[in-house]
Amino acid sequence: MRRSRSRTAVRTSGALVLALAATACDSGGNGGSAGGGGSDELTVWLTIDARESWPGLITATNKRFAERYPGVRVDVQYQQWTSKNQKIDAALAGRDVPDVVEMGNSETTNYIINGAFSPIDEQKFDHSKDWLPALADACRLNGKTYCVPYYAGARVGIYRTDLLREIGVAKPPSTYPELLSVLDKMKARFGRTDKNFSAFHMPGRYWNAAMAYVKDAGGEMAVQQDGRWRGALSSPESLKGLAEWKKLLDTYYTGDRSKDNSDEPGVVGQGKTGMFYGNTWEANAAADPKAGGNPAMKGKFATFPFPGPSGKLLPPFLGGSTLAVPVKSRSQDMAREWIRLFTDRESQRTLIKAETLPNNTVQLRDVPADGINGAAAISATRGWVTPLAPGWGAVEKSNVLPEMLQAIATDKKSVEQAAKDADRAIDAVINDN
């Protein structure tokens, strides 16, 4: 199923960056010759999402690009998310580099800090003043911009329409008290006869969801002070959010607390879940056997903007992609022009039709309110991304957040102790690059 991967940053090695910096001056700067194949070729690395979900956009962009650069062949190569960064690292360490690369928005910071990408002029790109902050902020450093937002995705509430009707609720909740009331009714009605029924599906290691509660309470995963980053999960605000998340889990979830959300469509497709928090595509995936879902659930899930305890919408982790030009590309001008076309307002309209969120707040209004992404378009304005710290990739790689949450969810540690331990683990690696 498309866009099902998590945004896990991969740490760039210091040796690779030194090699990149040492040879960057030989890359040809902003010249017009094409890297990776000669002056008549532009090499573009995109993930498989583009090929699977909006192949027409690739064709249209290449056609428009050819009008400005006739005779230049655009070689689009599709990468898997699981191996993409390893291949990028290897390419950047050599001389045969792609001219355009796609990055997850939480992956870009360390590459930018280490000089992997060439700067771009925001003013040359459509809606640059309106780019979604969770995408745009990941592209910026010290007053310069090094990548262009591509598309986004936001988590929402997903509920069983048939079960809501059975408990006499006509529409999904719009406030947190309404949400808890609906969950209480589903628990009382369906949990009484089925001990495996979860009014709300919330696995213990589901860090994107738990951190949304931290954000809603005004907390942070990490903060920067005096030029250095440190963990902030043990702050009063973060502890409040974690406690609220734990309460939700304790009250409404009956499943395995040591699991994450990677198999969410398959689990909720079993028919023993009233509501869950996830990506919009999971509403359909729950009924898609190719994604582990159950065909019997077809048409029984719908989405809604998920309210938070603060009285505002729960701030969702805003997953998404950006596009960058490696500093060693020999075709930087052409690469920027291809990116400009691929992300302009016309291209964003194509992405909206492909059930994907655009890269800017203006065109969020063009997302059909009654479509699968209507709720996500509303929630996206509250979106956030992981801390833009040099060592955040190492934090994710070491599973600090899932392990903290599992300890809390299984009552092995108090919220306070687990958060303090997580902060110490974050402090140990977050400033490394």
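The values are calculated or read from the model by the stated rules, or taken from the named source; none is laboratory data. It should be emphasised that the depicted structure is a prediction, and the values quoted were computed from it without experimental measurement. With ideal geometry, Cβ positions are generated from the backbone for all residues, glycine too; neighbour counts draw on all protein chains shown. Side chains included, ligands, DNA and RNA excluded: accessible areas come from the protein's heavy atoms. Shrake-Rupley method; radii C 1.70, N 1.55, O 1.52, S 1.80 Å.
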*Eligible lysines near LYS124 by straight Cα distance, threshold 19 Å, same-chain separation 8 or greater*: LYS144
*May I ask you to give the solvent-accessible area per residue for the chain, in square angstrom, as obtained with a 1.4 angstrom probe?*
41 Å²
*Find the relative contact order for the chain and round it to a whole percent, using C-alpha pairs within less than 8 Å whose residues are 6+ positions apart.*
27 percent
_Total formal charge among the other residues, if their Cβ is under 14 angstrom from that of ALA287, Lys/Arg +1 and Asp/Glu -1_ = 0
*May I ask you to list the aspartates and glutamates whose Cα is less than 20 Å away from that of LYS84, ignoring any residue fewer than eight positions away on the same chain?*
ASP49, GLU52, ASP75, ASP96, ASP99, GLU102, GLU107, GLU396
_Approximate spin-label separation SER262-TYR78, in nm, with each point projected 7 Å along Cα-to-Cβ_ = 2.3 nm
*asked:* At 1.4 Å probe size, with the rest of the protein present, what percent of the exposed accessible area of the chain is carbon and sulfur atoms?
replied: 48 percent
*Please build a GNM for the chain, connecting alpha carbons under 10 Å apart, and tell me which residue among ALA154, ALA60, ALA287 fluctuates the most.*
ALA60
*Could you give the length gained on full extension between ASP344 and GLN123, defined as 0.36 nm per residue of separation minus the Cα-Cα distance, in nm?*
78.4 nm
*Distance check, please: which entries in LYS185/LYS300; LYS185/LYS420; LYS247/LYS397; LYS195/LYS300; LYS63/LYS290 exceed 30 angstrom between their Cα atoms?*
LYS185/LYS420; LYS63/LYS290
*Determine the gain in length on full extension of the stretch LYS171-ASP130; use 0.36 nm per residue of separation and subtract their C-alpha separation, reporting nm with one decimal.*
11.6 nm
*Mind checking which of LYS300, LYS215, LYS290 has the largest fluctuation in a GNM of the chain, springs on alpha carbons under 10 Å?*
LYS290
*In a shell of Cβ-Cβ distance under 12 Å around THR381, excluding THR381 itself, what net charge do Lys and Arg (+1) and Asp and Glu (-1) give?*
+2
_Net dipole in debye of the chain [+1 Lys, Arg Cβ; -1 Asp, Glu Cβ; about Cα centre; nearest 20]_ = 860 debye
*Counting helices only, and only those DSSP H runs with n ≥ 4, report the 222 nm mean residue ellipticity of the chain as the sum of -39,500 (n - 2.57) divided by its residues, in deg cm²/dmol to the nearest 500.*
-11000 deg cm²/dmol
*Under 12 Å from a label point 7 Å along Cα→Cβ of GLN417: give me every residue in region 220-250 with its amide N that close.*
none
*Please tell me which of these pairs span more than 25 angstrom C-alpha to C-alpha: LYS187/LYS246; LYS87/LYS129; LYS187/LYS413?*
LYS87/LYS129; LYS187/LYS413
